[in-house]
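This report refers to the structure that appears directly beneath it.
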Amino acid sequence: MYAKADMYGLGAGIYPKDKLPPLPVHPHCLCRYVEVIEGEVDMQQQRDQVREAGDKWLNSLPESRRAQVLGRKGLKAWEDGEDWRKYMRGYAGLREAKNRLQMYKPVELSEKAKADKYQSPQGTIKEFQTRKVENATYDIHVSENVNLKPKMLAEVNRQINKCIDLLGVRNKEALPKIVIASNDDLNDALGSYVACENKLYINSETLHRKAYEKYLATLKNPASRNPLMTMLHEMIHWQDARKYVAKFGEITQQDEYMAHIIEKHRSFVDKLVQKRYNFAEISDYASRMYIGGRYDEVMTEYRVKKLLG
Ligand SMILES: [Zn+2]
């Protein structure tokens with residue numbers, strides 16, 4: 001029944017995301033959910049035709065099969081104009097999917113691995129292999145030290161999408177290569193953006209939403225407590241870098257770029273200082289970076305606070 005009838009005008013067996021049938025009827029249905037969740041179908045076209053589609057489907061069945069599906073009493077009631085949904089065997093209604101059935105796209109990794117290395121601000125270099133997530137919407141790679149679960153892939157997608165919205169990103173082609181790495185790969189950093197490679201590292205711990213939220217709740221600044229804060233911080237670095245590239249061409253020397261971007265933000269930081277702005281109010285990180293003369297970092301945190309705080 002579920003797979004055959006076109007109840008929302010979305011094509012047979014396809015359901016709007018919030019109206020999945022309550023039971024996984026057979027494996028093929030699960031595939032369909034995934035497609036729909038991924039937006040393969042124009043949701044604008046959906047029409048609530050549950051009853052009609054069911055009627056149509058019942059009409060297409062031989063009488064004996066109809067009696068099987070509805071029961072004899074049900075069949076009679078349906079023939080008298082009642083709604084089949086009260087009688088359909090195994091039909092539990094199309095209820096809200098929330099909290100009940102969460103389907104995520106499985107993670108498909110490339111066969112081939114590539115060597116990567118991350119250099120921390122402290123100078124430590126960690127080497128690891130990465131594999132590309134073949135079925136991801138964005139250019140996402142994952143470290144061999146991370147067991148990327150479908151839910152984490154969905155979370156990284158959600159975060160990127162949110163950041164694109166918040167930052168008003170129009171050109172998605174220039175988005176960074178995303179590398180999901182372990183806490184150890186990143187030497188405890190939550191994230192990092194490498195401008196000359198247009199590469200964004202994200203700590204896999206930030207993709208375990210529940211646990212990450214728990215950790216963030218211990219931080220004192222509201223903007224820092226938002227689970228989007230790491231991705232947004234790195235995406236702001238990315239956006240700064242893209243602006244630079246548009247103006248001056250590709251970034252070849254990371255040092256040269258850093259000097260430029262620090263200088264670029266200095267005057268705004270100076271203005272905040274004149275206004276006796278307290279950087280500790282943004283985050284501990286921002287005040288440390290102010291002391292260290294990393295004005296690019298201070299202003300990145302300032303913008304995260306503006307957008308999330
Ligand atoms: Zn930063």
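Numbers at a glance
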quantity	calculated
Of all residues in segment 116-128 being open to solvent by less than 70 Å² (accessible area, probe 1.4 Å) and in a strand (DSSP E or B), the one that is farthest from GLN254 (Cα to Cα)	PHE128
Selection status of ILE202, part of a strand (DSSP E or B), touching a strand residue (DSSP E or B) at 6+ places or on another chain (Cβ under 9 Å) and in contact (Cβ under 8 Å) with a residue 24 or more places away in the chain	yes
Residue in segment 205-212 that is assigned to a helix (DSSP H, G or I), among the aliphatic types (A, V, I, L, M), in contact with a Lys or Arg (Cβ under 9 Å, 6 or more places away or on another chain) and more than 16 Å from the ligand (Cβ to nearest atom) present	yes
Among (1) farther than 26 Å from THR300 by Cβ; (2) assigned to a helix (DSSP H, G or I); (3) modelled with pLDDT of 95 or more, the one test that ALA113 misses	(2)
Number of positions in segment 221-253 that are more than 20 Å from LYS162 (Cα to Cα) and open to solvent by less than 50 Å² (accessible area, probe 1.4 Å)	5
Unique residue being away from the ligand (no atom under 16 Å from the Cβ) and out of contact with any Cys (no Cβ under 8 Å at 6 or more places or on another chain) when the list is VAL169, VAL156, VAL179, VAL194	VAL156
3 or more residues more than 13 Å from the ligand (Cβ to nearest atom) and among the hydroxyl-bearing types (Ser, Thr, Tyr): qualifying helices (runs of 4 or more DSSP H) within segment 214-306	none
Where GLY81 falls short, out of the listed (1) at pLDDT 90 or above; (2) under 26 Å from the mean Cα position of the chain (by Cα); (3) under 30 Å from GLU63 (Cα atoms)	(2)
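The values are calculated or read from the model by the stated rules, or taken from the named source; none is laboratory data. Every value quoted in this text rests on a predicted model; they were computed, and no experiment measured them. All Cβ positions, glycine included, derive from the backbone under ideal geometry; neighbour counts span all protein chains shown. Just so you know, the surface numbers come from the protein's heavy atoms only, side chains and all, with ligands and any DNA or RNA stripped out. Shrake-Rupley method; radii C 1.70, N 1.55, O 1.52, S 1.80 Å.
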